[in-house]
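Derivation of every value follows stated rules applied to the coordinates shown; laboratory data play no part. Source: prediction; values computed, not measured. A quick note on method: Cβ atoms are made from the backbone with ideal geometry, for glycine too, and the neighbour counts reach across all protein chains shown.
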Ligand code: PEP
Ligand code: MN
């Protein structure tokens, strides 16, 4: 695949370790991924933006010759994350084929502009991840900065959005924002990164399938020869073999874009509702996780499950809020009672565990 045609491929598959760690790890991973026959581009992080100092911050420029060797060995084009102009210069010097801008960089217009300026005069493919915060404008703005620098081979990566609270996903997908991105920039391909959305490997398949069902243009998935020993993002990485199985398991529904634009308004509303329902499910599941911790606490402290005063207060508060938001008192009462009922069930289960 020539550099110029990489982003034109439908269902572009990018795979590789979160980070390049050692020469052997890079070469072994590259070879095994190549052998799956299911990889178009090999990824590896060289400079790692980490939330807290002290964690592994990437091997640095020393890893670039390893990537060159991996390319010689497999013929796979290479993708590396860049966060500043010095990264861009080194990547260009070492013949990296695709650059991506990470979520922590997209939030900062100065940083994106610095990268765009460093890229002026080249036309290397660049993928822009969504910012960590759910702000569509920031994502679009970053893309515009790259376009204004004269770059034409551009793509987006949806990697989810950070949030606080009980977590099932590491980053909440908020699919609607990715769909809004597609609507605003229909000519820019958008691929999905289930690894950073999920944070754990057992959730990857479902998210990858969902991305395919929403007509994404490809996937970026982290893969490592010994994932549990990875120096970064261990819990979400999968072996090349597991990667191949995951890709083979995906059902690709042919979606003719011509039909998509003709889809009726009703279909679009339905899709929107599906996404909202998915969010509701996710939120309910997060709630029940907290509920189980409360159950554990009450069990350890010998408290009853039902605290009547608190329950009355909650019910009243939500009826008022619901009515203010256009929901009927009857509906909100039924809904909250149902949720409360299930919470009691869940706590009851926790309470009765290990009791003889
Ligand atoms: C990565 O791809 O390894 C990475 C750091 O991702 P993100 O920018 O999505 O956190
Ligand atoms: Mn990672």
- request: Treat each spin label as a single point 7 Å out from the Cα along the C-beta direction, and report the residue 23 to residue 108 distance in nm.
  value: 3.3
message: Above 20 Å lies some portion of the pair distances; for region 265-352, what is it as a whole percent of all C-alpha pairs?
response: 49
- request: Provide the FRET efficiency to the nearest 0.05 for the residue 345-residue 35 pair, computing r from the beta carbons and using R0 = 51 Å.
  value: 0.60
query: Per the Debye formula with a single identical scatterer at each Cα and no solvent contribution, what log10 I(q)/I(0) holds for region 1-85 at q = 0.10, 0.17, 0.19, 0.26 Å⁻¹?
result: -0.25, -0.69, -0.84, -1.30
- prompt: Hey, if you drop one equal point scatterer on each alpha-carbon of region 76-213 and run the Debye formula without solvent, what base-10 log of I(q)/I(0) do you get at q = 0.08, 0.16, 0.19 Å⁻¹?
  reply: -0.20, -0.80, -1.09
- prompt: With springs only between Cα atoms under 10 Å, which of 270, 334, 43 fluctuates most in a Gaussian network model of the chain?
  reply: 334
task: Grab the Cα-Cα distance for residue 271 and residue 335, subtract it from 0.36 nm times how many residues apart they are, and report the gain in nm with one decimal.
output: 20.7 nm
task: Specify the residue with the greatest mean-square fluctuation among 307, 237, 147, computed from a Gaussian network of the chain linking alpha-carbon atoms under 10 Å apart.
output: 307
- prompt: If the chain between residue 312 and residue 11 were fully stretched, how many nm would it gain, using 0.36 nm times the residue separation less the Cα-Cα distance?
  reply: 103.1 nm
- line: Restricting to Cα pairs under 8 Å and 6 or more apart, the percent relative contact order of region 265-352 works out to 41
task: Mind pulling the angle between the C-alpha long axis of helix 136-148 and the longest principal axis of the chain? Nearest 10 degrees, somewhere in 0 to 90.
output: 10
- prompt: Quick one: of the DSSP bridges fully inside region 3-254, what percent are antiparallel, nearest 5?
  reply: 5
task: Report Rg (one decimal) and Dmax (nearest whole number) for the chain, counting Cα atoms only, units Å.
output: 23.1, 73
- request: First measure r as the distance between the Cβ atoms of residue 133 and residue 289, then evaluate 1/(1 + (r/R0)^6) with R0 = 22 Å and state the FRET efficiency to the nearest 0.05.
  value: 0.40
- line: If one builds a Gaussian network model of the chain from Cα atoms under 10 Å apart, the most fluctuating residue listed among 151, 76, 245 is 245
task: Sticking with the crude label model, points 7 Å out along Cα→Cβ, report the distance from residue 167 to residue 117 in nm, one decimal please.
output: 3.4
- line: FRET efficiency (residue 68, residue 241; Cβ distance; R0 30 Å; to 0.05) is 0.75
task: At q = 0.14, 0.15, 0.17 Å⁻¹, what is the base-10 log of I(q)/I(0) for region 157-247 according to the Debye formula with one equal point scatterer per Cα and no solvent? Please give it to two decimals.
output: -0.49, -0.56, -0.71
- prompt: Taking Cα atoms, how many degrees apart are the long axis of helix 64-74 and the longest axis of the chain, rounded to 10 and kept between 0 and 90?
  reply: 80
message: What is the angle, in °, between the Cα long axis of helix 329-352 and the longest principal axis of the Cα atoms in the chain? Nearest 10 is fine, range 0 to 90.
response: 80
query: Given Cα pairs under 8 Å that are at least 6 residues apart, what percent is the relative contact order of the chain?
result: 14
